[in-house]
Amino acid sequence: MTDRIEDSPLYRIANPRSIAIFGASNKFTAMGTGILSSIKQMGYDGPIYPVHPREETVQGHKAYSSVLDLPETPDLAIIVLPTPVVPEVMEACGQKGIGHAIVVSGGFREVGPEGAALEKQLNEAAARHNMRFLGPNCIGAVNTHFKFNATFLPCDHPPGFIGMASQSGSFITQMFDYLGRYNLGFSTGFSVGNEASVDIVDCLEYLAKCPDTRVIALYIESIRRGREFIDAARKIVPHKPVVAYYVGGTEAGGRAGLSHTGALAGADRVYDGVFRQSGVIRAHSIEEMFDICWCLGTTALPRGNRVVIQTHSGGPGAVAADACARNGLELPSIEDQTREKLAEYIPSTGSMNNPVDLTFTKRNLDYFVDIPNVLLQDNNVDALMVYMMMPRRMVLMVAETTGVSMEEAKTLAAQFISDQSRQLADSMRNAKKPWIGYSYYSAESDFIQKLYEAGAPVLPGPNRAARALGAMHEYGQLREKLSK
Ligand SMILES: CC(=O)SCCNC(=O)CCNC(=O)[C@H](O)C(C)(C)COP(=O)(O)OP(=O)(O)OC[C@H]1O[C@@H](n2cnc3c(N)ncnc32)[C@H](O)[C@@H]1OP(=O)(O)O
């Protein structure tokens, strides 16, 4: 692994200063046209050179009939052409001196011997000119901080902190919307396809050095360079967490991977061993992988496994307690001095055991931010899980506390919810111990939406929150072990 990100074979694939695109046309439905639209829509401001056999212009850009005629040597070629012509186009790009490419076209190794022969020709053309490329049979790459989206779906989410490499293109593009719902996003995402030139290990090494990436997510159907993967991950994990979702350990999953990217899967427990040795956290679903990334990227790491749960009502507290126990987390008793401080806020109908149950207190409107901060100061506590909900009675509480009319109270309550969410999110991000929210309310709830907007990790339900917290604890231990 080289030290400089600029030396990575992926650097100019993710940060190209100029682009040649093959397969974009004046037909809106061509896949290449979709990629050209995404590049423009994201605000990429480098020169774009469409290469087209007949057209003078493509989507408003001057087109060139041969790559050899381009006025400069672009950093990157994006190839979205029918399979048989791809090797000769790669050869022409090499002759022009282009160093990097993204090959979106499918129909190679994944379809059988004929495709494998074409992939061999593609590799030979690239090797003749020292070119490195992503794909073939991939969905492209996105670098939100560089305003570069070379996939055929628009990326509307703001620049994020999750760096992802995926052996499925869908788990890059279809996650734009999924992550956006929580105000999360990719820093950089690579769809690696058949990995003929750059592979998941190269992506891992790139993302480790990427300054905009706080946590690395991997969707894996097979790892070809197993030893290199383990060695690279062991060096990265002490500095940056890596979370992987592996599919293929079952017979059905393995068969699906083979026809998807031509990858050969291994038994589930083999991958368990690979991830354990590498210090990589294993997730068991896409949602779980992003939950863990979300928490690792936004809150402090726990020093131990002792969790205090704060709830408004018994059920969500009990479920959280159960989920914590299933994820290797303990629920300690809180200290006497904490109880004394909480007495100011918690009515006699509540409970100061763990879970701490506030019931529906109306004593002090500041309790949203005050109580969690009191709990986090407790020496028996390594992490906090809070059931996030805004009582429907908030308008009534505001009206009663301030003595204004109901109409005015509605406006004041909306302002109060907005202020509280911002303060809560700030406290969650700045706390020295992890503080994770969970809720059954959806993003349509004003309160939860505002928390997302302010960057707070509020997971959908206690089971997902406890799993993420358990994984954070696991990461803390792995990091310590691998740092020695
Ligand atoms: C595994 C994962 O994770 S996701 C997998 C992602 N990849 C895929 O799904 C790709 C699957 N599909 C393919 O591979 C297809 O071959 C594609 C999408 C690459 C190309 O299909 P189409 O868009 O139908 O290509 P089409 O034949 O229309 O060619 C596109 C344009 O390139 C032009 N073209 C053809 N040859 C060349 C050439 N040598 N140089 C430049 N342009 C050319 C065509 O004339 C056409 O333009 P036009 O519409 O103005 O005539």
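The values are calculated or read from the model by the stated rules, or taken from the named source; none is laboratory data. Keep in mind that this is a model prediction, so the values were computed, not measured. Because the Cβ atoms are built from the backbone with ideal geometry, glycine has one as well, and the counts that use them run over all protein chains shown. To get the accessible areas, we keep the full protein, side chains included, count just its heavy atoms, and leave off ligands, DNA and RNA. Shrake-Rupley method; radii C 1.70, N 1.55, O 1.52, S 1.80 Å.
Between a first residue in segment 21-50 that is in the same structural domain as PHE186 (by the TED database) and a second residue that is near the ligand (Cβ under 10 Å from one of its atoms) and of a type in the set (Asp, Glu), which pairs have beta carbons less than 7 Å apart while being 6 or more apart in sequence or on different chains? Partner pairs satisfying both residue conditions: SER25/GLU55; ASN26/GLU55. Scan segment 329-341 and give yes if some residue there is assigned to a loop (DSSP other than H, G, I, E, B), touching a Ser or Thr at 6+ places or on another chain (Cβ under 7 Å) and outside the structural domain of SER168 (by the TED database), otherwise no. No, segment 329-341 contains no residue that is assigned to a loop (DSSP other than H, G, I, E, B), touching a Ser or Thr at 6+ places or on another chain (Cβ under 7 Å) and outside the structural domain of SER168 (by the TED database).
Within segment 1-24, work out how many residues are of a type in the set (Ser, Thr, Tyr) and open to solvent by 20 Å² or more (accessible area, probe 1.4 Å). Looking only at that region, the number is 2.
β-branched (Val, Ile, Thr), out of contact with any Lys or Arg (no Cβ under 7 Å at 6 or more places or on another chain), surrounded by fewer than 13 Cβ atoms within 10 Å (Cβ to Cβ) and free of Cβ contacts under 8 Å to residues at least 60 places away in the same chain: is that true of THR359 in this structure? Considered against the rule, which asks whether it is β-branched (Val, Ile, Thr), out of contact with any Lys or Arg (no Cβ under 7 Å at 6 or more places or on another chain), surrounded by fewer than 13 Cβ atoms within 10 Å (Cβ to Cβ) and free of Cβ contacts under 8 Å to residues at least 60 places away in the same chain, THR359 comes out as no.
For segment 383-484, the helices (runs of 4 or more DSSP H) that sit wholly inside it and include 2 or more residues that are open to solvent by 10 Å² or more (accessible area, probe 1.4 Å), modelled with pLDDT under 90 and small (Gly, Ala, Ser) are 406-430. Taking the stated definitions as given, is ALA208 in a helix (DSSP H, G or I) and modelled with pLDDT under 95? When the stated conditions are applied, ALA208 does not pass them.
Test GLY46 against the criterion of being in contact with a strand residue (DSSP E or B) (Cβ under 9 Å, 6 or more places away or on another chain), open to solvent by 10 Å² or more (accessible area, probe 1.4 Å) and near the ligand (Cβ under 8 Å from one of its atoms), and give yes or no. For GLY46, the condition - in contact with a strand residue (DSSP E or B) (Cβ under 9 Å, 6 or more places away or on another chain), open to solvent by 10 Å² or more (accessible area, probe 1.4 Å) and near the ligand (Cβ under 8 Å from one of its atoms) - is not met.
Scanning segment 118-146 for residues that are aliphatic (A, V, I, L, M) and either more than 12 Å from the ligand (Cβ to nearest atom) or touching a strand residue (DSSP E or B) at 6+ places or on another chain (Cβ under 9 Å) (or both) yields LEU122, ALA125, ALA126, ALA127, MET131, LEU134, ILE139, ALA141, VAL142. Residues that are open to solvent by 10 Å² or more (accessible area, probe 1.4 Å) and within 14 Å of the ligand (Cβ to nearest atom) were ranked within segment 189-207; the one that is nearest to the chain's Cα centre (by Cα) is ASP199. Screening THR57 with (1) more than 9 Å from the ligand (Cβ to nearest atom); (2) among the β-branched types (Val, Ile, Thr); (3) under 25 Å from ASN143 (Cα atoms) gives one miss only, at (3). When the criteria are applied in full, ARG12 fails the requirement of being away from the ligand (no atom under 16 Å from the Cβ) and part of a loop (DSSP other than H, G, I, E, B).
For (1) touching a Leu at 6+ places or on another chain (Cβ under 8 Å); (2) more than 25 Å from SER442 (Cα to Cα), each residue gets a yes or a no:
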residue: PHE290; (1), (2): yes, no
residue: ASN305; (1), (2): yes, yes
residue: ARG339; (1), (2): no, yes
residue: LEU358; (1), (2): no, no
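Checked against the criterion of being of a type in the set (Val, Ile, Thr), in a helix (DSSP H, G or I) and touching a residue at least 40 places away in the same chain (Cβ under 8 Å), segment 181-191 contains not a single residue that satisfies it.
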